[in-house]
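The numbers here are math on the coordinates, done by the rules we state, and not lab data. Everything quoted here is computed from the prediction, not taken from an experiment. Here the Cβ is made from the backbone with ideal geometry for all residues, glycine too, and neighbour counts use every protein chain on show.
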Amino acid sequence: MSAFDDRERAFEAKFARDQDALFRITARRNRLVGEWAAERMGLTPEETDAYAKAVVQADFEEAGDEDVIRKLAGDLTGAGVEISDAEIRSVLNDKTAEARRQFMDSQN
């Protein structure tokens, strides 16, 4: 086995770990955003849990955040909560930072 092969395997392993971490952070972020939106809509704790899971599932529809933004905007508007896409994007950014902190704390 050459040093090049060892290096290649190490890079592939790092890439896999990084992708797994990114997936977990994004899922955690989506759950946090779902909880935030549920609070804005006045949902019960049981409904909040189900809604947060639905937001996580919505992210699997397409690549990127547009599917989550559409779901949140539609649900919030449908519940009579006035909100803009810019505000949702701002919350997504805030919750991404929070999710990253939580993930890093859980790794230590």
Tell me, which residue of region 50-70 that is small (Gly, Ala, Ser) and not in a helix (DSSP H, G or I) is farthest from the chain's Cα centre (by Cα)?
-> ALA63
Using the structure shown, decide if ARG7 is surrounded by fewer than 18 Cβ atoms within 10 Å (Cβ to Cβ), under 12 Å from the mean Cα position of the chain (by Cα) and either basic (Lys, Arg) or not in a helix (DSSP H, G or I) (or both).
-> no
Which of the following residues is among the hydrophobic types (A, V, I, L, M, F, W, C) and touching a helix residue (DSSP H, G or I) at 6+ places or on another chain (Cβ under 7 Å): ALA27, ALA97, ALA16, ALA3?
-> ALA27
Could you look through region 71-88, keep only residues that are assigned to a helix (DSSP H, G or I) and free of Cβ contacts under 8 Å to residues at least 12 places away in the same chain, and pick out the one that is nearest to VAL33 (Cα to Cα)?
-> GLU87
If LEU32 passes every condition in (1) in contact with a Leu (Cβ under 8 Å, 6 or more places away or on another chain); (2) touching a residue at least 60 places away in the same chain (Cβ under 8 Å); (3) among the aliphatic types (A, V, I, L, M) but one, which one does it miss?
-> (1)
For region 24-67, the count of residues that are exposed (fewer than 11 other Cβ atoms within 10 Å of the Cβ) and under 22 Å from MET104 (Cα atoms) equals 0
